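Trainee: One structure is given below, represented as structure tokens, and several questions about it will come after.
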Amino acid sequence: MADIDVIDLNEVAIRYAEKVLGVANAKKGNSPRRRFKNGDRRSTYTNKSDEPQENTFSAQNTTKASTYVSLEQCFSIGEQTKLDLRLPEHIITAKSGFGHDLSVSHVGTQLFETQQTWTVNTKVQVPPHSERTAKLSLQETQYSAEFIVETTICGKVHVTVHDENDTFVQSLEPMDISEIVKSVKDHNLLAIPDFVEIDGRSVCVTSTGRCEFIYGKEQHVTTAQE
């Protein structure tokens, strides 16, 4: 019995259509929900003198931003896949730490985490015979959305055939990947779902899923006279 090995995919091109993910172009999304994160940093300054005092309020806090990506519909052989998702613009501009894209490599649910560090260094004026408290609060945002990714695969696959002893048998003529998928589908060699379509010499795959984001959006410094 001979085994067929793919040895060269350099002529296979993978194109991703515009990623549908975010507020404006999401299949379905909710508005960001904001809440203040626990673990505020605060300092209290007491002035018992007859003159105003100036103090420096310095604080630092670290939060964890996380994203859960669940693939609900995708095509892969085994548990590995490859999808690049562009993040919604409001998450990119919020400096959430995720960058511009997420690279999804697993079927099912995948967790992405990154740390955000928040710092403040500001002056606090304390009047005579009084007390003032300065507090650093972090505002956290939660957001969820569904996404659709249209992937187009085209090009030729170079194949060699080896026997059971891994001895070279022959090289096959390069084949369009669309021909390979069509042959597999026509002969029921592998279950090809309906969302995998052949369009001329290209193979089009529609993947869908859902993202859940939790990340720090901004910080606030407040002072209160006691």
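Since every read-out is calculated from the coordinates, none of them should be taken as a lab result. Predicted, not measured: the structure shown is a model, and the values here were computed from it. Here the Cβ positions follow ideal geometry from the backbone for every residue, glycine too, while neighbour counts run over all protein chains shown.
Trainee: In the neighborhood of Ala224, defined by Cβ-to-Cβ distances under 11 Å, what is the net charge if each Lys or Arg adds +1 and each Asp or Glu adds -1? Intermediate results must be reported in sequence, preceding the final value.
Mentor: Details: positive: Arg42, Arg132, Lys135; negative: Glu131, Glu226.
After counting each charged neighbour, the total is +1.
Trainee: Now, a different point. Exposure proxy check: Glu218, Glu146, Glu51 ranked by fewest other beta carbons within 10 Å? Intermediate values should be presented prior to the final figure.
Mentor: Numbers: Glu218 13, Glu146 16, Glu51 7.
Neighbour counts put them in this order, fewest first: Glu51, Glu218, Glu146.
Trainee: For segment 141-200, what percent of Cα pairs sit more than 16 Å apart?
Mentor: Working: 1129 of 1770 pairs.
Of the Cα pairs, 64 percent sit more than 16 Å apart.
Trainee: Using bins 5 angstrom wide from zero, how does P(r) for segment 76-226 break down, in % of all Cα pairs?
Mentor: For segment 76-226, the binned pair fractions read 2, 6, 11, 12, 11, 10, 9, 8, 7, 6, 5, 3, 3, 2, 2, 2, 1, 1, 0 percent.
Trainee: Among 150-163, 109-122, how do they line up by average Cβ neighbours within 10 Å per residue, starting with the highest? Mind dumping the intermediate values first?
Mentor: Numbers: 150-163: 16.0, 109-122: 13.5.
Packing proxy ranking, top to bottom: 150-163, 109-122.
Trainee: Now for a separate question. Give me the aspartates and glutamates in straight-line cross-link reach of Lys64: C-alpha distance below 19 Å, same-chain residues under 8 apart excluded.
Mentor: Asp40, Asp101, Glu113, Glu140, Glu212, Glu218
Trainee: How would Tyr68, Tyr45 line up from fewest to most surrounding beta-carbon atoms within 10 angstrom? Intermediate values should be presented prior to the final figure.
Mentor: Details: Tyr68 15, Tyr45 19.
Ordered from fewest to most neighbouring Cβ atoms within 10 Å, Tyr68, Tyr45 come out as Tyr68, Tyr45.
Trainee: A further question follows. Based on the mean of other Cβ atoms within 10 Å per residue, sort peptides 84-92, 169-177 so the most packed one is first.
Mentor: Working: 84-92: 18.6, 169-177: 12.9.
Those peptides, ordered most packed to least, come out 84-92, 169-177.
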